[in-house]
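Following: one structure in structure tokens, then a few remarks.
What follows draws every value from the coordinates through simple rules; no lab data is involved. Note that this is a predicted model, so its numbers are computed, not measured. FYI the Cβ positions are ideal-geometry reconstructions off the backbone, even for glycines, and counts take in every protein chain you see.
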Amino acid sequence: MSQRANSGARERPRKHMRPHAPGALTMFALVLTAAGLALSACSSPEPASTEQASTEGAATPATTAEAPKAASTPKAEATPELSKLLVEPATGNVGNSFTVTTKGVLPGATVEFKWRGVEGSYVTEVIPDNVQYIERKYAPRLISLGKTVADAQGVATLSTKVPEDHGDIHDIFAVVDGTNVARGGYSIKRTITISESEGPIGAPIKIKITGMSSSYYQSTMAVRWDNMYTGFVSTVTTRGTAEFTIRAAGPVGDHTIQVYPASHGVPYLNSHQGPNVAIFGHLPDKFVYRVTGDNGAPAGAVEWPDAARITALKADSPRTGASAFKPAGGVSASVEPSSGRILEKVSLKVKGLPADVPVELVWVTARGNRASTSGWSLELVPLGAAKTGSDGSVDARFDVPDDLGGWHTVRVLAKGAVVAEAPYYLERSLVGVTPQRVSAGDVVTIQLKGIGWTELDNGIAVTYDNGFVGYACGFNSNGDITLYITATGGPGTHIIDIYPMIYEGHPNAQVFDFAVPQLTALRDNPSLDIGYRLPVFRTAFKIVEPAVAQR
């Protein structure tokens, strides 16, 4: 995780402007620069040793005002030229077997083969009233492929498998006693597979992509269903592997799934004519999926991120709503449970305060929006009063407010001063989809609660029968999103899926993934690194004949 933090309280209005798109020449320059930076992670010169290979951003010695005399300048030692490392085959897919061989090694020497890969991360900045999305970042990493011993002829050979990594050309080094003695390369190819080729309306279709690149023009892909844009795919933190699910949409019959290059999060339709045809190839990957029947609208479902991919925050980790307050020694506070939905009952437990002291409980949230000139600010919402016991403890129950989602803080005040505070995470929830049976042209109402206010969680992106129809924001409405979707299409079941989205980013962010469905959000999203749990909601309804529809 890469994260900037500022824990100082900032309870003041914020003004906001969306960044303007740069001009054509400026954007072209940015694209070339970003592409060059991304590619350099895998094409940098070989390190003098394996330890140096993992160092990123080493400082350059400062230039002195007066250059030293030539006579006193030490003569630079020539870097030994590395032998060629034989790699067979030199290209393939993640998990494929290959062999590396080096010659000319001292007989009996232990040779370790190391793979130079890429580690991706999201950089965010957490401040009390917002989370800002800064950029995607990639750093080199070294992976040991294994060790072997050189034979009597000084030949060392190792059979191994391609590690899970981004789909670039990767250096492989033969290392003896900590020094690189040979170098070769391996190119990971991209592969795409789908779990099933047929099923009824609403059936899950699991798609897996391996070998997605970390470079600018290859780091995202886009999915289309019957020529309709569904969403984008990313693999920043998953080492080039994307795993996600879409659902079968009607009518019954054959449907086409296409996976396109997408340097800006949307399909690049004529990539075959672009300057990167060698990267993209000529045509998108295409699959035919047969919808076999309509078994009626499936029950609504919520898919949560894998808990293992969510960073567990420490008590003092930066969060929205938190202040610069530091508790006195022996004082602790927690909300139990520490996360949940609106209107659920929770308990605030505090220990270590003075005995028999009246206290006030307040909920820290945000109010405002990103559209008006007044912006937004933090606001304190009263939760009630309590009194510490003879042991200085507080055990108070309250209902979670019907409010914005994300990280909040519950503060305990004594005589107007903060004496304790505890974090609480308010989750998103689907209130309902009504009605479930409609006529074509009728309106289906979908209501959600607990939508947040930061750049990472203030909105949702919606697809109708796998076609992206737009986004919605819950900031100005204090966490509530009410959607009115017109029922279109023929009689039968229609699916609506609701995905997390990234609202916007900052100058260093690559502008290609804003306000559109992120199909891989459950495994690869900047919010996961700061403890957020943003789900995918799966819903459906049925269009019936007008006389049968329940209005």
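For Lys286, list the aspartates and glutamates whose Cα falls under 20 Å from its own Cα; do not include residues on the same chain fewer than 8 positions away.
Glu196, Glu198, Asp226, Glu243, Asp254, Asp465
Hey, fewest Cβ within 10 Å first, where do Asp457, Asp226, Asp316 land in order? Walk me through the numbers on the way to the answer.
Working: Asp457 28, Asp226 15, Asp316 11.
Final ranking by Cβ density, sparse to dense: Asp316, Asp226, Asp457.
How about Lys349: which aspartates and glutamates have a C-alpha closer than 12 Å to its C-alpha, ignoring those fewer than 8 places off in the same chain?
Once the sequence-local aspartates and glutamates are set aside, what remains near Lys349 is Glu336, Asp395, Glu421.
Within a 10 angstrom radius of the beta carbon, how do Thr102, Thr193, Thr160 rank from fewest other beta carbons to most?
Arranged by neighbour count, lowest to highest, Thr102, Thr193, Thr160 become Thr193, Thr160, Thr102.
Can you grab the distance from the C-alpha centre of segment 393-422 to the C-alpha centre of segment 187-255, Å, no decimals?
Measuring centre to centre over Cα atoms gives 42 Å.
Taking the Cα centroid of segment 454-502 and of segment 311-388, what is the distance between the two, rounded to the nearest whole Å?
Here the answer is 30 Å between Cα centres.
Give me the aspartates and glutamates in straight-line cross-link reach of Lys415: C-alpha distance below 12 Å, same-chain residues under 8 apart excluded.
Straight-distance partners of Lys415: Glu360.
Got a sec? How would Trp225, Trp115, Trp304 order by Cβ neighbour count within 10 Å, fewest to most?
Trp304, Trp115, Trp225
Which FRET efficiency, nearest 0.05, do Glu164 and Thr373 yield, Cβ-Cβ r, R0 60 Å?
0.80
Which pairs in the list Lys114/Lys208; Lys449/Lys542; Lys206/Lys314; Lys147/Lys314; Lys314/Lys351 are over 29 Å apart, alpha-carbon to alpha-carbon?
Long pairs (Cα-Cα over 29 Å): Lys206/Lys314; Lys147/Lys314.
Within segment 362-471, list the trypsin sites (Lys or Arg not before Pro) lying in a DSSP loop whose Cβ has at most 12 other Cβ atoms in a 10 Å radius.
Details: sites: Arg367, Arg370, Lys387, Arg397, Arg411, Lys415, Arg428, Arg437, Lys449; in loops: Arg370, Lys415, Arg428.
Within segment 362-471, the qualifying trypsin sites (Lys or Arg not before Pro) (loop, at most 12 other Cβ atoms within 10 Å) are Lys415.
Can you give the alpha-carbon Rg of segment 191-295 over 2.2 N^0.38 Å, where N counts its residues? Mind showing how you got there, number by number?
Working: Rg = 14.1 Å, N = 105, 2.2 N^0.38 = 12.9 Å.
Taking N as the residue count of segment 191-295, the ratio is 1.09.
What shape does segment 103-231 take by its C-alpha gyration tensor, where a ≥ b ≥ c are the square roots of the eigenvalues and a/c under 1.5 counts as rounded, a/b above b/c as prolate, and the rest as oblate?
It is oblate, given that a/c is not under 1.5 and a/b is not larger than b/c.
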